[in-house]
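Data first, discussion second: the structure below is written as structure tokens.
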Amino acid sequence: MARYDASGMTISELREFASFAPCEQRYIRRSLDIALGRGDAVARWARDEDEAASIRQQKALYQDLIPLRRILPEAEDLDGVEPFMGRLMRISAFDLAQARIAGFSAYRFLYERLLGAEARPWLPSAFCAAAALPLIRPQRRRDLLQSISEAAATAQGWSTRAPSFYPEFVEAEAA
């Protein structure tokens, strides 16, 4: 039964990823390649020099993910909020400012993989805070903030099950 449950959850994650727009899927795969050190992200993902610069900046920002995982506060730990949320909001603001993540679902999917299941309680507030920053254009800010459901914003609890599906770039084979 446990094997079925795990495979069922993986299929659910696959379906969720498939529901995202192609640009969101591409950005999530790119971000995971950078965060997990999977190959040369610039060579794989950059279509022009602006995108190459963006990838290099993202790689520098994502260096904070390792210490961020270590300082993840408990849900009731007010003292640990500032160092954690400040860093998380900075990285989140970069990702949202790239205009390739259209809403909270894709953001949550990515950040559960970047930080782990333990970060779930912090993701709604980090998303809302980053989306509300003035560096996000007003129309986009409105769209992002409207993308988070009341249920996600006011959840009573969060699953501690680790994500099992980490999307990767797949080379198309020549026929």
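The values are calculated or read from the model by the stated rules, or taken from the named source; none is laboratory data. Given the structure is predicted, the values throughout are model-derived calculations rather than measurements. FYI the Cβ positions are ideal-geometry reconstructions off the backbone, even for glycines, and counts take in every protein chain you see.
Each residue in segment 45-60 was checked for being loosely packed, with under 15 Cβ neighbours inside 10 Å and closer than 14 Å to residue 169 by Cβ, and 1 of them qualify. Restricting 125, 164, 159, 92 to residues that are out of contact with any Cys (no Cβ under 6 Å at 6 or more places or on another chain), assigned to a helix (DSSP H, G or I) and under 25 Å from residue 14 (Cβ atoms) narrows the list to 92. Against the definition (touching a residue at least 24 places away in the same chain (Cβ under 8 Å) and either aromatic (Phe, Trp, Tyr) or crowded, with 18+ Cβ neighbours inside 10 Å (or both)), how does residue 103 come out, yes or no? Yes; evaluated as a whole, the condition is true for this residue.
Only one of 138, 73 is loosely packed, with under 12 Cβ neighbours inside 10 Å and over 14 Å from the mean Cα position of the chain (by Cα). Can you tell me which? Reasoning before the result, please.
On the way: 73 fails: loosely packed, with under 12 Cβ neighbours inside 10 Å.
So the residue among 138, 73 that is loosely packed, with under 12 Cβ neighbours inside 10 Å and over 14 Å from the mean Cα position of the chain (by Cα) is 138.
Evaluating residue 18 against the criteria (1) part of a helix (DSSP H, G or I); (2) under 16 Å from the mean Cα position of the chain (by Cα); (3) in contact (Cβ under 8 Å) with a residue 24 or more places away in the chain leaves one unmet condition, (3). Being surrounded by 15 or more Cβ atoms within 10 Å (Cβ to Cβ) and not charged (D, E, K, R) is the requirement here; does residue 19 meet it? No, not satisfied.
For segment 154-175, which positions are exposed (fewer than 13 other Cβ atoms within 10 Å of the Cβ) and either in contact with a Ser or Thr (Cβ under 9 Å, 6 or more places away or on another chain) or of a type outside the set (Ser, Thr, Tyr) (or both)?
The answer is 156, 157, 161, 162, 168, 170, 171, 172, 173, 174, 175.
Does segment 98-105 contain at least one residue that is under 21 Å from residue 153 (Cα atoms) and outside any loop (DSSP other than H, G, I, E, B)?
Yes: segment 98-105 contains one or more residues that are under 21 Å from residue 153 (Cα atoms) and outside any loop (DSSP other than H, G, I, E, B).
Please indicate, with yes or no, whether at least one residue in segment 112-127 is farther than 26 Å from residue 151 by Cα and among the polar types (S, T, N, Q). Within segment 112-127, not a single residue is farther than 26 Å from residue 151 by Cα and among the polar types (S, T, N, Q). Restricting segment 90-100 to residues that are buried (at least 20 other Cβ atoms within 10 Å of the Cβ) and not small (Gly, Ala, Ser), the residue that is farthest from residue 25 (Cα to Cα) is 91. Checking 144, 135, 72 one by one, the residue that is more than 21 Å from residue 33 (Cα to Cα), modelled with pLDDT under 90 and either assigned to a helix (DSSP H, G or I) or out of contact with any Pro (no Cβ under 7 Å at 6 or more places or on another chain) (or both) is 72 and no other.
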